[in-house]
Amino acid sequence: MTKLTIVAFDGTRHDLDVQNGSTVMENAVRNSVPGIEAECGGACACATCHVYIDEAWSAAVGAPEAMEEDMLDFAYDVKPTSRLSCQIKMADAFDGLVVHVPERQA
């Protein structure tokens, strides 16, 4: 199991043990993390699973692909570390990953 921490906008930490190959969004929904709406179910067709990658993990997670970048145009308060959580698949290299949920989704 890989460790994932999702920090809700109010500061509440959700420390999760997750399966490799699952997405950050799937784990957020499965664990009822507030603020992740995931309206398209992970199809990269909306921006309602927007998160900020913790600065310490930004380089490891990397930049969004073109389609994700296009969808981020619809997200609320986009920052350099913005990603769609449906596009981040957990792997051993992301053990301990920390993401932050924005104030609201678009």
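The values are calculated or read from the model by the stated rules, or taken from the named source; none is laboratory data. Worth saying up front: this structure is predicted, and the values here are computed from it rather than measured. A quick note on method: Cβ atoms are made from the backbone with ideal geometry, for glycine too, and the neighbour counts reach across all protein chains shown. Remember, those area values only see protein heavy atoms, side chains included, never the ligands or the DNA or RNA. Shrake-Rupley method; radii C 1.70, N 1.55, O 1.52, S 1.80 Å.
What order do you get for 14-24, 60-70 when each peptide is scored by the mean count of other beta carbon atoms within 10 Å, highest first?
Values: 14-24: 15.9, 60-70: 12.8.
Result, highest mean Cβ count within 10 Å first: 14-24, 60-70.
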Inset, instruction - Summarise the accessible area of the chain (1.4 Å probe, protein heavy atoms) by the percent that is carbon and sulfur. - result: 49 percent
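Quick one: net charge of PRO102's neighbours, Cβ under 10 Å, K/R +1, D/E -1?
Value of the local net charge: 0.
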Inset, instruction - Roll a 1.4 Å probe over the protein chains and send me the accessible area per residue for the chain in Å². - result: 52 Å²
